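Note sheet for the following structure.
The values are calculated or read from the model by the stated rules, or taken from the named source; none is laboratory data. Since this is a predicted model, take the numbers as computed values, not measurements. For neighbour counting, all protein chains shown are included, and Cβ atoms are generated from backbone atoms with ideal geometry for every residue, glycine included.
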Amino acid sequence: MEKMTPAQFVTWLIKVVADLVGWVLDGTRSVKSLEAVYLAIQAVISNEPVQVTVNRVTKTVAAAKKFLRYGGKHVVEVGEQADRSPLKAGSGIYFWGNFHSWFGSTLKKLTGLGTVELDWWDTIKSAWDREIAGELPTDYVFDANTFGIIIGRMIAQQKNGGAGILLNNGRANLFYVRDVKDPSVLRAVFVRWFAGGQRWDFGASHFVDFQWDGGRRVFAPATADAPVS
């Protein structure tokens, strides 16, 4: 089943309206013909998917994203060596309570991964964890080892809060990470640059505990079902 982009939907709608004008003038269609247009418009307004028939081909009008705007893909080169992460609390890095308790010890014994590709999004308005997750691809969760390696490399590339893929304006960069002791438990991990302390702060919360404002960045393992634009 093919999805209609917003531009395709508008093109389809213009054609249908033009057809309706012709039908009204020549009397070849009844008012019942307006039903498909009405349903499609209502679905777009409500951000819900709807199926419509265009020249006998069924298509889906995709629901609009409410909370996230897709940014693109990012490749992290981490190499094959063990312990490539600089994640040690101290100069330039600080672990807050929950993060230190849940992940601190794990990040001292990492194994290399080579190249890791990520997808990323920006929040466009306030959203809870469950609302953000609802707009991410199915496989949006990191295991602790993978997270530790890639964030270590990303921070190394933005030493002292330099410019890069991570937000460095004090706003959170979000990663959803499996708990080390119980992988069925999901944690919301944030990383942000604290200019006043000249350091990267790491924190974590229980999934769904927190509502994130707009302008935050969300990362997930790259997948084929992420948006193309």
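Numbers at a glance
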read-out	value
Strands (runs of 3 or more DSSP E) completely within region 172-229 that count 1 or more residues being over 16 Å from Asp119 (Cα atoms) and in contact with a strand residue (DSSP E or B) (Cβ under 8 Å, 6 or more places away or on another chain)	173-178, 186-194, 199-206
Residue within region 150-171 that is assigned to a strand (DSSP E or B), among the aliphatic types (A, V, I, L, M) and touching a strand residue (DSSP E or B) at 6+ places or on another chain (Cβ under 7 Å) present	no
Residues of region 118-160 satisfying the condition of being out of contact with any Gly (no Cβ under 9 Å at 6 or more places or on another chain), of a type outside the set (A, V, I, L, M, F, W, C) and farther than 20 Å from Gly72 by Cβ	Asp129, Arg130, Glu131, Gly134, Asp143, Asn145, Gly148, Gly152
Flag for Phe219 being crowded, with 22+ Cβ neighbours inside 10 Å, modelled with pLDDT under 95 and hydrophobic (A, V, I, L, M, F, W, C)	no
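Yes or no, residue by residue, for (1) at pLDDT below 95; (2) surrounded by 15 or more Cβ atoms within 10 Å (Cβ to Cβ); (3) at positive phi:
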residue	(1), (2), (3)
Asn160	yes, no, yes
Leu174	no, yes, no
Phe207	yes, yes, no
Gln211	yes, no, no
